[in-house]
1. With 108, 114 as the choices, which residue is more than 19 Å from the chain's Cα centre (by Cα) and in a helix (DSSP H, G or I)?
2. Filter the range 46-57 for residues that are surrounded by fewer than 16 Cβ atoms within 10 Å (Cβ to Cβ), without any contact (Cβ under 8 Å) to a residue 60 or more places away in the chain and in contact with a helix residue (DSSP H, G or I) (Cβ under 9 Å, 6 or more places away or on another chain); which is nearest to residue 148 (Cα to Cα)?
3. Please tell me if residue 58 is out of contact with any strand residue (DSSP E or B) (no Cβ under 9 Å at 6 or more places or on another chain) and under 20 Å from residue 174 (Cα atoms).
4. Evaluate the following for residue 88: is it in the same structural domain as residue 68 (by TED's automatic domain parsing), exposed (fewer than 11 other Cβ atoms within 10 Å of the Cβ) and either modelled with pLDDT of 95 or more or part of a loop (DSSP other than H, G, I, E, B) (or both)?
5. Quick one: which residue in 153, 183, 179 is more than 18 Å from residue 108 (Cβ to Cβ) and either surrounded by 13 or more Cβ atoms within 10 Å (Cβ to Cβ) or touching a residue at least 24 places away in the same chain (Cβ under 8 Å) (or both)?
6. Checking the condition touching a residue at least 12 places away in the same chain (Cβ under 8 Å) and either loosely packed, with under 13 Cβ neighbours inside 10 Å or part of a helix (DSSP H, G or I) (or both), which residue from 83, 74 passes?
7. Please indicate, with yes or no, whether at least one residue in the range 24-39 is out of contact with any strand residue (DSSP E or B) (no Cβ under 6 Å at 6 or more places or on another chain), over 28 Å from residue 123 (Cα atoms), surrounded by 12 or more Cβ atoms within 10 Å (Cβ to Cβ) and in contact (Cβ under 8 Å) with a residue 60 or more places away in the chain.
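The values are calculated or read from the model by the stated rules, or taken from the named source; none is laboratory data. None of these values were measured; they are calculated from a predicted model. So basically every Cβ, Gly included, is an ideal-geometry build from the backbone, and we count neighbours across all protein chains shown.
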């Protein structure tokens, strides 16, 4: 269904002379990614709204988009698997955030940040066979990923220091970093297709 929609859109763009027919396959792939990402993001925002925790949904998506494109990580074989995995991870993080005893939230948040920094510095970026990178691109992504994980982690620590009442937000940001670190490890050691 997603592929068919991307094909239809690309055909429309070709017919209206927006793109060249030679570039059709590239546009189909890009449109599939765009539609899949939009659908997943909107679903997470709706889910966040339905559970009355849209701030966590925005925090999750913000960290995810800010970091994952440079770190790489687990890639599902099909778009529907990616959708299910993304929704599942969001739900797990919401449950984790809500069941962690308040007194332990700062400690678990700090552990999540430290763990994430170590994983990103040691293993990111993870390359994927469907999106190969040159050595130059890998080095560039490594530098950007390291900078971004540090910026996010410092922001979470400073945010908690200045406004500890927002611990739910800071914890969600830290747990999302942790989930990206897990995704990196999963791709590096468990998923041999990358």
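1. Numbers: 114 fails: more than 19 Å from the chain's Cα centre (by Cα).
Within the list 108, 114, the selection yields 108.
2. At the first step, the residues of the range 46-57 found to be surrounded by fewer than 16 Cβ atoms within 10 Å (Cβ to Cβ) are 46, 49-52, 54-55.
Okay, now just the ones that are also without any contact (Cβ under 8 Å) to a residue 60 or more places away in the chain, so 46, 49-52, 54.
In the following step, the residues that additionally are in contact with a helix residue (DSSP H, G or I) (Cβ under 9 Å, 6 or more places away or on another chain) were identified as 46, 49, 51, 54.
Values: 46: 27, 49: 27, 51: 29, 54: 23 Å.
Among those residues, the one meeting the criterion is 54.
3. Values: out of contact with any strand residue (DSSP E or B) (no Cβ under 9 Å at 6 or more places or on another chain): yes; under 20 Å from residue 174 (Cα atoms): yes.
Spelling it out, residue 58 is indeed out of contact with any strand residue (DSSP E or B) (no Cβ under 9 Å at 6 or more places or on another chain) and under 20 Å from residue 174 (Cα atoms).
4. Working: in the same structural domain as residue 68 (by TED's automatic domain parsing): yes; exposed (fewer than 11 other Cβ atoms within 10 Å of the Cβ): yes; either modelled with pLDDT of 95 or more or part of a loop (DSSP other than H, G, I, E, B) (or both): yes.
Yes, satisfied.
5. On the way: 153 fails: more than 18 Å from residue 108 (Cβ to Cβ); 179 fails: more than 18 Å from residue 108 (Cβ to Cβ).
Exactly one residue qualifies, and that residue is 183.
6. Details: 74 fails: either loosely packed, with under 13 Cβ neighbours inside 10 Å or part of a helix (DSSP H, G or I) (or both).
Only one candidate passes the filter, namely 83.
7. Scanning the range 24-39, I find no residue that is out of contact with any strand residue (DSSP E or B) (no Cβ under 6 Å at 6 or more places or on another chain), over 28 Å from residue 123 (Cα atoms), surrounded by 12 or more Cβ atoms within 10 Å (Cβ to Cβ) and in contact (Cβ under 8 Å) with a residue 60 or more places away in the chain, so the answer is no.
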